[in-house]
Amino acid sequence: MTTPLVKDRIYRSPQALIGGVLLLAIVGWLGIDALFRGNGRTPWLALAALILIVPLVVAFTLRPAVFAGEDRLRVRNPFRVITLPWGEIATLRSGYSNEVIVKSGAKYQLWAIPVSLRSRKKAARRQAKAQADVRRGRPGGAGRGLGGFGGFGGQIEPDHAAAGPMRAETDKVMDDLREMLESRGPAESAQGEIVVRWAYEVAAPAVAGAVLLAILLVVG
């Protein structure tokens, strides 16, 4: 009997994806326009700029992702892919950035799960409001008991949002990853070596574009 394959959980930043697509559209529009309508050195400068900028935009917006599997956590950052067996991870830390800390002490930032201080403050305000509503006997501010907008009974039911602490979305993701680390870390299949691979397919075009642009600027 074969064991069914479990798909990895994939975490990405929607804001980064949207921003990356918009940036690529703007860069492509300006670059292609200069490439085909420019005079003198302008087309060459536009080509060099496109070769430099497009890989960087892709690297920092569209590329980052975190893949959480049964045995491994794979972190795809702008210029590296880090494969981390759960057994080698010491902790997942959230501060001004979200990081994986391995047992050797090395740290790897999770680019695909950015910290939003604004979202944290918003969640804290919602939590404070929910707690105030509970103290006033109005869970969630909805008033589901007698005299409430949508209820007929005399007993107030606790609102789901007030049942537990409210968290920012990226903090919820980190909580999910910590649960997987706790459950899968001791597993025999989750042991192994950490593998770090550099993304030369991203870095090489950007370096080539930077060199070409520098040569064009120096030559004049």
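Observations, loosely collected:
- Here r is the Cβ-Cβ distance between residue 41 and residue 80 and R0 is 35 Å; the resulting FRET efficiency, rounded to 0.05, is 0.50.
- Between the amide H of residue 192 and any residue lying 5 or more places away or on another chain, no distance stays under 5 Å, with hydrogens modeled in the peptide plane.
- Average accessible surface area per residue within the range 1-115, 1.4 Å rolling probe, Å²: 57
- Amide proton proximity set for residue 113, modelled H, under 5 Å, gap of 5+: none
- Computed 3J(HN,Hα) for the range 74-85, one whole-Hz value per residue from the Karplus formula 6.51 cos²θ - 1.76 cosθ + 1.60 where θ = phi - 60°, is 10, 10, 9, 9, x, 10, 9, 10, 10, 9, 10, x, glycine and proline marked x.
- Phi to ³J(HN,Hα) by Karplus 6.51 cos²θ - 1.76 cosθ + 1.60 over the range 99-110, Hz, x for Gly, Pro: 9, 9, 10, 8, 5, 6, x, 5, 10, 10, 7, 9
- Stretchable slack from residue 9 to residue 32, in nm (0.36 nm times residue separation minus alpha-carbon distance): 4.6 nm
- Taken one residue at a time, the phi angles of the range 197-207 give Karplus couplings (6.51, -1.76, 1.60, θ = phi - 60°) of 10, 7, 8, 5, 5, 9, 5, 4, x, 5, 5 Hz. Gly and Pro are set to x.
- Between the range 9-26 and the range 56-122, the alpha-carbon center distance in angstrom: 17
The values are calculated or read from the model by the stated rules, or taken from the named source; none is laboratory data. Note that this is a predicted model, so its numbers are computed, not measured. For neighbour counting, all protein chains shown are included, and Cβ atoms are generated from backbone atoms with ideal geometry for every residue, glycine included. All accessible areas refer to the heavy atoms of the entire protein, side chains included, with ligands and DNA or RNA removed. Shrake-Rupley method; radii C 1.70, N 1.55, O 1.52, S 1.80 Å.
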